[in-house]
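What follows is a single structure, written as structure tokens, with notes after it.
The values are calculated or read from the model by the stated rules, or taken from the named source; none is laboratory data. As the structure is a computational prediction, the values presented were derived from the model and not from experiment. As a convention, Cβ positions derive from the backbone with ideal geometry for all residues, glycine included, and neighbour counts pool all protein chains shown.
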Amino acid sequence: MIKKLIRVGSKSALILPAVLIKRYKLKNFIIEARDDGVLIRPVESKTSFQKKMQISRKNKTSIYKKMEEEANDPKTIAFYDNPDNTFGNLDSI
């Protein structure tokens, strides 16, 4: 989408389409200067990393349970008990 700045008194303004304002809930927003341009985002927005961490924190108990199940799996134990499956010297592979 290409937009032009308009003059409002002695200032310039960027008019955003209502559909974008509603979609991204732009009541309060942050404008960030970046090397490749300007980013406009809602104040409440979280990065994808923050969102994934939030999901991981919510699922922490089930994640630890799954890790424990896999660690106690006879196939996993056999794999790590086999001296040929060590990762101590990756250069020898």
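Contact annotation: residue pairs with Cβ atoms under 9 Å, 6 or more positions apart or on different chains, pairing a residue in the stretch 44-63 that is of a type outside the set (A, V, I, L, M, F, W, C) with a partner that is surrounded by 10 or more Cβ atoms within 10 Å (Cβ to Cβ) and outside any helix (DSSP H, G or I), are E44/K25; S45/Y24; S45/K25; S45/F29; S45/I30; Q54/K46. Only residues that are of a type in the set (F, W, Y) and farther than 26 Å from K52 by Cβ were counted in the stretch 63-82, giving 2. Per this entry, R34 is not counted among residues that are in contact with a Phe, Trp or Tyr (Cβ under 9 Å, 6 or more places away or on another chain) and basic (K, R).
In the stretch 1-13, the qualifying residues are those that are aliphatic (A, V, I, L, M), surrounded by 10 or more Cβ atoms within 10 Å (Cβ to Cβ) and in a strand (DSSP E or B), and the one that is farthest from the chain's Cα centre (by Cα) is I6.
Okay, residues lined up against (1) at pLDDT below 90; (2) of a type in the set (D, E, K, R); (3) surrounded by 11 or more Cβ atoms within 10 Å (Cβ to Cβ):
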site	(1), (2), (3)
S45	yes, no, yes
S48	yes, no, no
S56	yes, no, no
M67	no, no, no
A71	no, no, no
F79	yes, no, yes
N82	yes, no, no
N89	yes, no, no
S92	yes, no, no
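Set side by side, the residues L26, L16 differ, and just one is modelled with pLDDT under 90, part of a loop (DSSP other than H, G, I, E, B) and surrounded by 10 or more Cβ atoms within 10 Å (Cβ to Cβ), which is L26. Considering the stretch 32-46, the residues that are part of a loop (DSSP other than H, G, I, E, B) and among the acidic types (D, E) include one that is farthest from M1 (Cα to Cα), namely E44.
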